[in-house]
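Structure, as structure tokens:
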Amino acid sequence: MRKKKPENAVTLATKRPLPPETLFGESRLFRPIAPADGISEWVQESFLSVGAPLFNEEHKHLFFADIAYLWAAVENSKHMRRVVGQCEEVAIRAGGWQKARQEQQFYEWFGRVPKFLITLDARYALECSDLEWCALVEHELYHVGQRHEFGEPAFTKDGLPKLGIRGHDVEEFVGIVRRYGVGAAAGDTAKLVAAASRPAELGHVSIAHACGTCLLRAA
């Protein structure tokens, strides 16, 4: 008899990368922030490649996106909530030595200055389930969206999607929906309600983490 798959399990294309031991402790090699080696390749194999077990059509604009990943073993919190992931568009708003210093750090980490940077809580990565991990990574990926011009998806002169940081599809108060219905809500709330009424594609997960990108936009 085949063992039943747990409800909080998910089929990964390959084993997910884990943070190195050098991120923790007080050894001479202790580095609280370090490049998250292997995550870029894991994301490609898990979410972006057609035919992958967790392939998501909504990420197709990211196939050639220049996204770098960092592990952080430093506690981070905003608005009294733990932050375990953050996505940002890399913009060095400095000149002179400050600019040179920041660029040098990126080159030492990645060999380049990436267009986008996703930082992940290393301690959370060690304790979360595969499903929670996938939810975290995909949440951060969703923050990298394709820009639109004149109502249509925008592309560079090389034919690649123009990318930028985006907020959520749904931006509305629960009270408005509760009192006046979905039709009165802003954004794509109706789509969220329809999606919530269907069984989850990958499985149910308790979102116990917080996204620093979202909290930066919180009032």
Environment charge at residue 116 (Cβ cut-off 15 Å; Lys +1, Arg +1, Asp -1, Glu -1): 0
message: Quick check on my link table: of 78/115; 99/162; 115/191; 78/162; 157/191, which ones sit more than 28 Å apart, alpha carbon to alpha carbon?
response: 115/191; 78/162; 157/191
message: What is the sum of charges, Lys and Arg at +1 and Asp and Glu at -1, for the other residues whose Cβ falls under 12 Å from the Cβ of residue 76?
response: +2
Ordering of 192-200, 76-84 by packing [mean C-beta count within 10 Å, highest first]: 76-84, 192-200
- prompt: aspartates and glutamates within cross-link reach of residue 15: Cα-Cα under 19 Å, excluding same-chain residues under 8 positions apart?
  reply: 7, 37, 41, 45, 121, 127, 130, 132, 138
statement: Cβ density ranking, 10 Å radius, fewest first, applied to 133, 97, 42 yields 97, 42, 133
task: Evaluate E = 1/(1 + (r/R0)^6) for residue 165 and residue 26, where r is the Cβ-Cβ distance and R0 equals 30 Å; express this FRET efficiency to the nearest 0.05.
output: 0.25
- line: Charge tally for neighbours of residue 42 with beta carbon under 14 Å away, counting Lys, Arg as +1 and Asp, Glu as -1, is -4
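Values quoted throughout were computed directly from the atomic coordinates according to the rules given, and no laboratory measurement underlies them. Predicted model only: the values in this text are computed from it and were never measured. In this analysis, Cβ positions are derived from the backbone assuming ideal geometry, glycine residues included, and neighbour counts consider all displayed protein chains.
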